[in-house]
Amino acid sequence: MLEEEQNSHLVKVLRKKEGDLVTLFNGMGPEYSGKIIKTSLKRTEILITSLSLETRRPEMKIHLGICILKKDAMNRSISKCTELGVYEITPIFSEFCAVPEKLIQKRVSNWQKIAISASEQCGLNLIPSINPVCNLKEWIFKTPGEKLMALQSGDKLGNDFFELNSVSLLIGPEGGFSPDEIEAANNEQVRKISLGERTLRAETAPIVAISLIHRISGEF
């Protein structure tokens, strides 16, 4: 049975009715095709007709560590990065973060809802997990594998880089990274990458970086 919010979206927004075909997914991979048997504002009955195990996520697994932005900018970034197929997102509290720490925890559950909505919109049946908020240095120290840090003074990515199938990407806040944070990244051998000579908005940077990674890895 659909949850109340999904049922309301199906009936009020999508205006589905008895006899219509629908696609269902639970965010963990399997995708079901079905036919609406009965529907109302409170409850919808669906007959499952087939199961597909196909996923539409990119082969390159990207873990996005994004320093927390102001409300609307953060919401847009999570939505667009979900559409681009990131595997997981860690919201990061950094030294130059413009959002008070007391407000951040109130927004965490909403970020997961945004990721779910974006997945529904673009047909992704694997929803990226929104990890607990952590501070930037903790993310640098504890995140395993190859790590990239978007920095204007960084190096351009080359085609020889992506022999790996996973990477972690760090994007700074509106005020950028502090000298201490850059030093921490240097100490952990985080690779600094350039997104071009233009100064990008903090909400645009992850979209550009993820698109660049997919382009070089052969996804686009």
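So is residue 125 in contact with a Lys or Arg (Cβ under 9 Å, 6 or more places away or on another chain) and not hydrophobic (A, V, I, L, M, F, W, C) or not? Judged against the criteria, residue 125 is a match.
Assess whether residue 206 counts as being within 20 Å of residue 70 (Cα to Cα), not aliphatic (A, V, I, L, M) and not in a loop (DSSP other than H, G, I, E, B). It is true that residue 206 is within 20 Å of residue 70 (Cα to Cα), not aliphatic (A, V, I, L, M) and not in a loop (DSSP other than H, G, I, E, B).
Among the residues of the stretch 105-133 satisfying the criterion of being in a helix (DSSP H, G or I) and small (Gly, Ala, Ser), which is nearest to the chain's Cα centre (by Cα)? Write out each step before concluding.
Of the residues in the stretch 105-133, the ones in a helix (DSSP H, G or I) are 105-122.
When the remaining residues are screened for being small (Gly, Ala, Ser), the result is 109, 115, 117-119.
On the way: 109: 14, 115: 7, 117: 11, 118: 9, 119: 9 Å.
Among residues in the stretch 105-133 that are in a helix (DSSP H, G or I) and small (Gly, Ala, Ser), the one nearest to the chain's Cα centre (by Cα) is 115.
Every residue in the stretch 134-161 that is out of contact with any Cys (no Cβ under 7 Å at 6 or more places or on another chain), part of a helix (DSSP H, G or I) and either of a type in the set (Gly, Ala, Ser) or closer than 14 Å to residue 67 by Cβ (or both), please. Break it down stepwise before answering.
First, pick out the residues of the stretch 134-161 that are out of contact with any Cys (no Cβ under 7 Å at 6 or more places or on another chain): 134-135, 137-161.
Checking the rest, the ones that are also part of a helix (DSSP H, G or I) come to 137-142.
Answer for the stretch 134-161, where residues must be out of contact with any Cys (no Cβ under 7 Å at 6 or more places or on another chain), part of a helix (DSSP H, G or I) and either of a type in the set (Gly, Ala, Ser) or closer than 14 Å to residue 67 by Cβ (or both): 137, 138, 139, 140.
Among the residues of the stretch 74-104, what is the count of those that are part of a strand (DSSP E or B) and farther than 19 Å from residue 167 by Cβ?
1
Being more than 14 Å from residue 61 (Cα to Cα) and either of a type in the set (Gly, Ala, Ser) or not assigned by TED's automatic domain parsing to the domain that holds residue 97 (or both) holds for only one residue in 175, 218, 145, and it is 175. One residue stands out among those in the stretch 100-118 that are modelled with pLDDT under 85 and in contact with a Pro (Cβ under 8 Å, 6 or more places away or on another chain): the one that is surrounded by the fewest Cβ atoms within 10 Å (Cβ to Cβ), which is 108.
Results for (1) closer than 21 Å to residue 113 by Cα; (2) buried (at least 16 other Cβ atoms within 10 Å of the Cβ); (3) free of Cβ contacts under 8 Å to residues at least 60 places away in the same chain, shown as yes or no for each residue.
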| site | (1), (2), (3) |
| --- | --- |
| 38 | no, no, yes |
| 42 | yes, no, yes |
| 53 | no, no, yes |
| 58 | no, yes, no |
| 64 | yes, yes, no |
| 67 | yes, yes, no |
| 72 | yes, no, yes |
| 83 | yes, yes, yes |
| 86 | yes, yes, no |
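When the stretch 164-220 is filtered for residues that are within 17 Å of residue 137 (Cα to Cα) and among the small types (Gly, Ala, Ser), the ones remaining, listed by number, are 168, 172, 175, 176, 178, 184, 185.
Taking the criterion of being touching a helix residue (DSSP H, G or I) at 6+ places or on another chain (Cβ under 7 Å) and not hydroxyl-bearing (Ser, Thr, Tyr), the residues of the stretch 72-90 that qualify are 75, 78, 80, 81, 83, 84, 86, 89.
As a summary of the residue check, residue 186 satisfies the conditions (1) over 27 Å from residue 75 (Cα atoms); (2) over 24 Å from the mean Cα position of the chain (by Cα); (3) assigned to a loop (DSSP other than H, G, I, E, B) except for the one numbered (3).
The values are calculated or read from the model by the stated rules, or taken from the named source; none is laboratory data. What you are looking at is a predicted structure, and each value in this text was computed from that prediction instead of being measured. Counting neighbours? That spans all protein chains shown, and the Cβs are built from the backbone with ideal geometry, glycine included.
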